[in-house]
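Presented below is the structure to which this report refers.
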Amino acid sequence: MQRDKGEPLTDLSEEHLWTIAESAIEDGFVSHHFRSYEYFIRYGLAELVKSLSPQEIKTKYGTLVLKFEDVSIGSPRIVEVDGMVRENITPSECRLRNLTYEAPIYVKMSLIIDGRVIVPSEKVHIGSIPVMVRSSICPLSKLTKEDLMRIGEDPLDPGGYFIINGSERVIVAIEDLAPNRTLVTIKEGNEGAPQYSAVVLSSVFGRQSKIELLYKPGGAVKAFFSRIYKGIPVIILLRALGMTRDEKIVNLVSNRRDVQELLEQSFIEAEGIETPQDALRYIGNRVAFGYAEEFRVQRAEQMIDTMLLPHIGTTSDRGCRYKKAVYLCDMLGRLLETSVGLRKPSDKDHYANKRLKLAAPLLMELYRVALTRLLRDIKYQLERVVATRQPINLSTFVRSNILNNIVRHSFATGNWPGGRVGVTQLLNRTNYLATISHLRRVQSPLSRGQPHFEARDLHGTHWGRICPVETPEGSNSGLVKNLAFGADVTVTLPSGVKKDLREKLWSLGVISTVVTEEEGRGGKRRTYNTKVYVDGELVGFHERGEELVRQLKEARRNGEISPMVSVYYEKYEHLTEVEVFTDEGRVTRSLIIVEKGVPKISLQLVETVKEGTTKFRDLLDMGVIEYIDASEEENCLVALTPKSLTPSHTHLEISPLLMFGAVASMIPFSDHNQSPRNVYEAAMAKQALGVPALNFNLRTDSRLHLLIHPQKPIVNTVTTKLIGIDKRPIGQNLVVAVMTGMGYNMEDAIVLNQGAVARGVGLSMSYRTYEVEAMQYRGGEKDRIIIPEPGTRGYKGEQYYRVLDSDGLAHIESEVSGGTVIVGMISPPRFMEEYVRASAREMVWRDSSETVRPSEAGVVDNIWISRNEDGNKLVKARVRSLCFAEIGDKFASRHGQKGVVGMLIPHEDMPYTASGIVPDLIINPHAFPSRMTVGQLIESLAGKVGSVKATDVDGTPFIGKSLDELRSELEALGFRSGGTEVMYDGLTGRRFEVEVYVGVVYYQRLHHIVRDKIHARSRGQVQLLTRQPTEGRSRGGGLKFGEMERDCLIAYGASYLLLDRLLEQSDRYTVYFCQKCGLPAYNDLRQEKILCPVHGKEGEVRPVTLSYAFYLLLNELISMGIYPKVVLEEMEGS
Amino acid sequence: MKSWRAEGICPECGNQNLVTDPKTGEVSCPECGYVVMERDVDRGPEWRKLEDEEGDRSRVGAPLSIMYRDHGLSTVIERVDEDATGRKLTKEAREKMLRLKKLDQTSQVNSSETRNLQQAANVLEIYVDKLHFPQSVAEMAMTIYRKALKAGLVRGRSIKSIMAASAYAACRLSGMPRDLREFERAYPLVKRKTIAQGYRLLLKYLNIRVPIADPAIYVSKIASRANLDQRTVQEAVRLLQEATRRGATIGKDPVGIAAAALYMACQETTQNITQKDVARAAGVTEVTVRNRFKGLKEILEGEQPQSTV
């Protein structure tokens, strides 16, 4: 240890600690994704496959045994239509050609029939796995910056997502209740009496099974699991598992007499069912009622082996059942002890009881389902083959498409087996910050419809794990979260490491539960006051818990056990518990270890970190820093700053800034804002235009915005550099005056300087990419990309094909507007069933050209022609347009102060200062008092200092430059320390009576642009079903004249206007009705007459003008067999 | 009374090319300017805001697919033991439904024809999987098979052989290079010769006209297996075009010729590769490569293209 005792500890400053914090993030922002994915690739998948081996197939011709060993994953590749296999594909090619970036999975399989080896160990391709971009199996992870740029990648792109059919998809972390742990809750039973319930969500290899123990005070404890809905007495279940000695059960449940006595009723209920056989028969009667006895017992055994606590084991041996019994007893103990108040019920919102599901557990679920489906098919095929001959190889019977289809479909839609939706999402590429934030998102599976107030609240254990600022408003508030900077997520320890850990426990004097059983039989009795758990499972006992914890932590700091392991210690009045956690999905944060009030980090060490000779990983190995999860943190006392260290502290916070997420940490002076303002900004920063990625010119996202003159913020936080906002900025530094803007900045509007806009304030380029695929049809015909000829069905008129070159594609750099064809294409007529070769003359080709969206215009920027996986020609055409800021566009500062442009004022008419500075933007002073965004006012000062001094100014919350410093610096520069200046009216030249607050603030242009929203309609298309005007801007729809608007006209008495809106301009229609029967008549084309459906020619038909929607209703009623009679009356005066 | 809609003719001037303007919703005549119809119906996908009724907006199910014996249109009894209200079924009802389900299932695959198609579809799936057919080729193969079945060509032959032949024919028709050796490797239960027999049968009775296989389409595949670069591929394709022009490829196995052309191209781009390697990559014998190579060389180096035919 490099600790220098002579050094006073206060020498460590916050800046020093920030150096450590920086090194903590050296792995990037998405390392949690990589680690989880790589675990799955390296161990998870192999373990899953192993858990499915061997497979037995019983047929008439013998028993086939299919064995799997050795799973390997190749490098990303694609099979072209001509059968060519290419291994040099790049993500950027996948994006362009709508391919899936995936790698093949091979499994070594062997087949044994009746003990004879038929196929010895054959390497079979069973399917593919999508490759996480920049993970270890992605070639990109090994390339240099220059190589990355050469193959069209942004060197700063974080990776961590997948490319499925050309679109980038992220697996969003799911926050779930911790599996394999006992959670005791109090439920409100009937008649208001409390009920106690202990629940375990057992989960292994993506399979889940729940067991619940329910206790009503005074009654028996019942167990509910799998198909047992009514519950069985838990004692019977224990006996079925082979635990027949009542004394043993009682002692395992609790060491307190009063708790043990609560079991009395449970034992009474289980009377008469004493042996395991009796108990199994009892369970069998519940699950397989009405079958033969032998079968009932068999089912019962199968159930307790595979459905009960499967994470402990699924085999039927005695040891496994004994472990389950021990687990159940422990659950029972916790349940009863809670009921008498010895323990508190579990806090479901405590982060110790939460786990994040990342790629590994989610892929495990998906691949388990996909592999079972594949296996079913293999079995089916083998069964059929063995009937006639012996299979020589296995690869013929493995249809990799079965696996691929399931996996690809799930990834492409986000629909996971088990009904979970939205597991994968389209990666947000609005700007770089939005991308990073998306990759660090955490989603709670709780429905957003219900209140779940507690689940939405910020919990104490969120500190340093979940960003307290960044969460959406509204229905998803508090359910969608973001990882804090300092947070990390654990992955499963490889099974070998887990075994070592147990060995370590035994060597530290833990007595295994199995051993205590034998001791008990031998008659020896010893009491241990400490229970030892590993991942929620009681594994043994110890005499001195505190000592064990100390030794375990020391072993971890020495590197003897993995740093991802956490140790938690809890003392109750009757016993102590030591819980060791190794499982995946725990959110940890790194803290500096403190011993006797002295942090283990020295100034010299900080220097070496600064130089880069010591990495964060080294600090971990040296035992200077450790990962602490939410449960272990309960035993820690963490000092916030080095100054506040006392001897009772166990840890020191690296930096308070690490509690923020990526977005919140870039808000300068956020510690001076009212908290909701920071929340608003965190949401808005993700909508700001900026530079989404350096390879924007090669990207074919359907929509992409680019800020043309992006600037790095003058006032930044220490994290802005770290995230890369300096290199992929999301706004511009504007001179902002706080004053009224001639009435044009009322109600949160802003006034922009027209000169500034002309010089590039808010100037952006927006791109839209159109996609056309020339499909091949069954008849052998293909879509053709050419200029359609007049006479083609659906021909749009010559002027629309103006920009097409002879190849059917628009000429690059030609100007296009709504309706203009950019890719000319014709499709062959559709055939219904058979394969017909009609002569060319009989065929009527349809025009299926791609046109520019109505209400959009621009210049054809680029066209890419490629072939997709099916060998079809794929054309992507991108249209670009330049967007100057205009009235109605949305802008926002970094403090939740948003507004639309209310007016553009010519430069010469804008107010100016004595020195001739003209503001770029005028914000109304009313924006500040009630919102209390003091941060923006300070930023304004800091921006002014930075602009004059030509330096960056540190606005980091808590540790940035103080207001006093800024004021004195401003004063030294010859400005007023308050930030106000004398200003003159640009129109009259008169001096304003008050001084105006002017400074430099970083502004973002948000992607809500008027030109994408402006819309009006006078005439146009109607809907098929109701014949009412279409809806929505994209289809030239009408604006809804709704119920409340209708009420206004009625109240006003404007009946003709009402008629016009609701009938004439909507779905006016004329139908003939028969006066005799009141039914709509029909037009008989052959007789050229209008006939009544009832009276025929004798009907008296009259034309009626009505709403088509009403006519539709009448017809729907008639179709249901209801007779709607319309009684007609002659209109007056007609 | 025929409407303009049926004929697509302007009632004023008789112009045949009426134009629809989606912006105004009007169908008009570009010649005389007559507005034939207002308020045209929007034929795009139905799109309504059904925020509270979540679920998809489509009114239809999956499209018909020729890949299924029933075109994907059959109705099956679900395996859920709940009634419409979500209550569990009684034991008797559950057993009854199970029986009905089984009966229903067996009754669906009753005729020999549907059973036949079911089996054929399974075989086709294997080829699709192993040989990486695009969906369109698979559908074409199924169409051919259905025709063969109707024409009675499958009787007396195995389902898989005719299915394999149909798949091969579909490949040839759509210009996807898959040779018979690959078919055999993908599914060894059907031998190359059987497929060839079936294929000739299909050509004869179903009147399928197949374009002559162009050796050039095999080049890139062989090249990728033999690890040859793009330059060699281009050179080989150039050589083959020349050879085809001179008629040297007629009547020869296109794969063999492609392999020979690649070998020849390798010599010109000075890539070191043996005939054996090329032969292995192409799946033909060394002898074939050598003979085709000789033939190619003679023709390409000889000045009189006519004499060699």
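The values are calculated or read from the model by the stated rules, or taken from the named source; none is laboratory data. Small disclaimer: the values here were computed from a predicted structure and weren't measured. Virtual Cβ from ideal backbone geometry, glycine too; neighbours counted across all protein chains shown. Note: accessible area is taken over every heavy atom of the protein model, side chains too, but ligands, DNA and RNA are not part of it. Shrake-Rupley method; radii C 1.70, N 1.55, O 1.52, S 1.80 Å.
Just need a number here: residues in segment A:44-73 that are open to solvent by less than 50 Å² (accessible area, probe 1.4 Å), part of a strand (DSSP E or B) and either at positive phi or not hydroxyl-bearing (Ser, Thr, Tyr) (or both).
9
Please verify whether B:Leu153 is within 12 Å of another protein chain (Cβ to nearest Cβ) and surrounded by fewer than 21 Cβ atoms within 10 Å (Cβ to Cβ), treating the condition exactly as stated. Steps first, please.
Details: within 12 Å of another protein chain (Cβ to nearest Cβ): no; surrounded by fewer than 21 Cβ atoms within 10 Å (Cβ to Cβ): yes.
Answer is no for this residue.
Here are the criteria: (1) within 22 Å of B:Leu124 (Cα to Cα); (2) free of Cβ contacts under 8 Å to residues at least 24 places away in the same chain. Tell me which single one B:Gln230 does not satisfy.
(1)
With A:Glu626, A:Glu681, A:Glu634 as the choices, which residue is of a type outside the set (S, T, N, Q) and open to solvent by 30 Å² or more (accessible area, probe 1.4 Å)?
Checking each option against the conditions leaves just A:Glu634.
Which members of segment A:866-886 meet the condition of being touching a Gly at 6+ places or on another chain (Cβ under 7 Å) and assigned to a loop (DSSP other than H, G, I, E, B)?
If the condition is that a residue be touching a Gly at 6+ places or on another chain (Cβ under 7 Å) and assigned to a loop (DSSP other than H, G, I, E, B), then A:Ala885 is the only one that fits.
Just a yes or no: is a residue in segment B:271-278 open to solvent by 70 Å² or more (accessible area, probe 1.4 Å), under 23 Å from A:Asp82 (Cα atoms), part of a helix (DSSP H, G or I) and not hydrophobic (A, V, I, L, M, F, W, C)?
Yes, the conditions are met somewhere in segment B:271-278.
Filter segment A:952-983 down to the residues that are out of contact with any helix residue (DSSP H, G or I) (no Cβ under 8 Å at 6 or more places or on another chain) and of a type in the set (Val, Ile, Thr) and list them by number.
The answer is A:Thr980, A:Val982.
State whether one or more residues within segment B:220-230 are more than 14 Å from every other protein chain (Cβ to nearest Cβ), open to solvent by 40 Å² or more (accessible area, probe 1.4 Å), out of contact with any helix residue (DSSP H, G or I) (no Cβ under 6 Å at 6 or more places or on another chain) and at pLDDT 75 or above.
First pass over segment B:220-230, keeping only residues more than 14 Å from every other protein chain (Cβ to nearest Cβ): none.
Within segment B:220-230 (the criterion being more than 14 Å from every other protein chain (Cβ to nearest Cβ), open to solvent by 40 Å² or more (accessible area, probe 1.4 Å), out of contact with any helix residue (DSSP H, G or I) (no Cβ under 6 Å at 6 or more places or on another chain) and at pLDDT 75 or above), the answer is no, since none of the residues qualifies.
Scan segment A:72-116 for residues that are out of contact with any strand residue (DSSP E or B) (no Cβ under 8 Å at 6 or more places or on another chain) and within 14 Å of chain B (Cβ to nearest Cβ) and jot them down.
Hits for segment A:72-116 are A:Asp82, A:Gly83, A:Met84, A:Glu87, A:Asn88.
Which of (1) within 20 Å of the chain's Cα centre (by Cα); (2) open to solvent by less than 50 Å² (accessible area, probe 1.4 Å); (3) closer than 30 Å to B:Gly152 by Cβ does B:Arg200 not meet, given it meets every other one?
So the condition that B:Arg200 fails would be (2).
Is it true that A:Leu501 is over 19 Å from the mean Cα position of the chain (by Cα) and closer than 28 Å to A:Val638 by Cα?
Working: over 19 Å from the mean Cα position of the chain (by Cα): yes; closer than 28 Å to A:Val638 by Cα: yes.
So A:Leu501 passes the test.
Assess whether A:Tyr1069 counts as being within 14 Å of chain B (Cβ to nearest Cβ), touching a residue at least 12 places away in the same chain (Cβ under 8 Å) and open to solvent by less than 40 Å² (accessible area, probe 1.4 Å).
no
Give me a count of the residues in segment A:476-511 that are free of Cβ contacts under 8 Å to residues at least 60 places away in the same chain, crowded, with 17+ Cβ neighbours inside 10 Å and of a type in the set (Lys, Arg).
Total meeting the criteria: 1.
If I filter segment B:168-177 for residues that are in contact with an Asp or Glu (Cβ under 9 Å, 6 or more places away or on another chain) and free of Cβ contacts under 8 Å to residues at least 24 places away in the same chain, do I get at least one hit?
no
From B:Ser58, B:Ser65, grab the single residue that is within 30 Å of B:Glu139 (Cβ to Cβ), at pLDDT below 75 and open to solvent by less than 100 Å² (accessible area, probe 1.4 Å).
Values: B:Ser65 fails: at pLDDT below 75.
Step by step, each of B:Ser58, B:Ser65 is checked, and only B:Ser58 is within 30 Å of B:Glu139 (Cβ to Cβ), at pLDDT below 75 and open to solvent by less than 100 Å² (accessible area, probe 1.4 Å).
Say whether the condition of being within 11 Å of another protein chain (Cβ to nearest Cβ), open to solvent by 90 Å² or more (accessible area, probe 1.4 Å) and at pLDDT below 90 is met by at least one residue in segment B:119-133.
So far as segment B:119-133 goes, no, none of its residues is within 11 Å of another protein chain (Cβ to nearest Cβ), open to solvent by 90 Å² or more (accessible area, probe 1.4 Å) and at pLDDT below 90.
Pairs, please: C-beta under 8 Å, at least 6 apart or cross-chain, first residue in contact (Cβ under 8 Å) with a residue 40 or more places away in the chain and in segment B:67-96, second open to solvent by 60 Å² or more (accessible area, probe 1.4 Å)?
B:Arg69/B:Gln118
Taking the condition of being touching a helix residue (DSSP H, G or I) at 6+ places or on another chain (Cβ under 8 Å), closer than 22 Å to A:Leu45 by Cβ and surrounded by 15 or more Cβ atoms within 10 Å (Cβ to Cβ), how many residues in segment A:79-94 meet it?
1
Of all residues in segment A:998-1057, which are in contact with a helix residue (DSSP H, G or I) (Cβ under 6 Å, 6 or more places away or on another chain), in a loop (DSSP other than H, G, I, E, B) and of a type in the set (A, V, I, L, M)? Explain how you work it out, then say what you get.
Let us first name the residues in segment A:998-1057 that are in contact with a helix residue (DSSP H, G or I) (Cβ under 6 Å, 6 or more places away or on another chain), namely A:999-1001, A:1006-1007, A:1015, A:1026-1028, A:1041, A:1049, A:1057.
Applying the additional criterion that residues be in a loop (DSSP other than H, G, I, E, B) yields A:1007, A:1015, A:1026-1028, A:1041.
None - no residue of segment A:998-1057 is in contact with a helix residue (DSSP H, G or I) (Cβ under 6 Å, 6 or more places away or on another chain), in a loop (DSSP other than H, G, I, E, B) and of a type in the set (A, V, I, L, M), so the list stays empty.
Please state which of the following conditions B:Ile144 fails to meet, knowing it meets all the rest: (1) within 13 Å of chain A (Cβ to nearest Cβ); (2) surrounded by fewer than 22 Cβ atoms within 10 Å (Cβ to Cβ).
For B:Ile144, the failing item is (2).
Cβ-Cβ distance below 8 Å, separation of 6 or more or different chains: which pairs start in segment A:1085-1101 with a residue that is within 14 Å of chain B (Cβ to nearest Cβ) and end on one that is of a type outside the set (D, E, K, R)?
What qualifies is A:Leu1085/B:Met1; A:Glu1088/B:Met1; A:Lys1089/A:Asn1083; A:Ile1090/A:Tyr1072; A:Ile1090/A:Ala1081; A:Ile1090/A:Tyr1082; A:Ile1090/A:Asn1083; A:Ile1090/A:Val1101.
Just need a number here: residues in segment A:566-601 that are in a strand (DSSP E or B) and either surrounded by fewer than 20 Cβ atoms within 10 Å (Cβ to Cβ) or not basic (Lys, Arg) (or both). Talk me through it step by step, then tell me what you get.
First, the residues of segment A:566-601 that are in a strand (DSSP E or B): A:566-571, A:576-581, A:587-595, A:598-599.
Checking which are either surrounded by fewer than 20 Cβ atoms within 10 Å (Cβ to Cβ) or not basic (Lys, Arg) (or both) leaves us with A:566-571, A:576-581, A:587-588, A:590-595, A:598-599.
Qualifying residue count, segment A:566-601: 22.
Table: residues versus (1) under 19 Å from the mean Cα position of the chain (by Cα); (2) free of Cβ contacts under 8 Å to residues at least 24 places away in the same chain.
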site: A:Arg389; (1), (2): no, yes
site: A:Ser400; (1), (2): no, no
site: A:Trp416; (1), (2): yes, no
site: A:Thr424; (1), (2): yes, no
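Consider segment A:450-475. How many of its residues are open to solvent by 50 Å² or more (accessible area, probe 1.4 Å), within 24 Å of A:Glu634 (Cβ to Cβ) and outside any loop (DSSP other than H, G, I, E, B)?
Going through segment A:450-475 one residue at a time, the tally reaches 4.
Only one of B:Ala169, B:Ala165 is away from chain A (no Cβ under 11 Å), under 18 Å from the mean Cα position of the chain (by Cα) and among the small types (Gly, Ala, Ser). Can you tell me which?
Values: B:Ala169 fails: away from chain A (no Cβ under 11 Å).
It is B:Ala165.
Restricting attention to segment A:328-338, does a residue exist that is touching a helix residue (DSSP H, G or I) at 6+ places or on another chain (Cβ under 9 Å) and polar (S, T, N, Q)?
no
Report those strands (runs of 3 or more DSSP E) wholly inside segment A:721-827 carrying at least 2 residues which are open to solvent by less than 30 Å² (accessible area, probe 1.4 Å). Steps first, please.
Values: elements: A:732-738, A:750-753, A:764-774, A:815-817, A:821-823.
Hits in segment A:721-827: A:732-738, A:750-753, A:764-774, A:821-823.
Of everything in segment A:974-988, what is free of Cβ contacts under 8 Å to residues at least 24 places away in the same chain and open to solvent by 30 Å² or more (accessible area, probe 1.4 Å)? Give them in sequence order.
Scanning segment A:974-988 gives A:Gly974, A:Arg976, A:Gly978, A:Thr980, A:Thr988.
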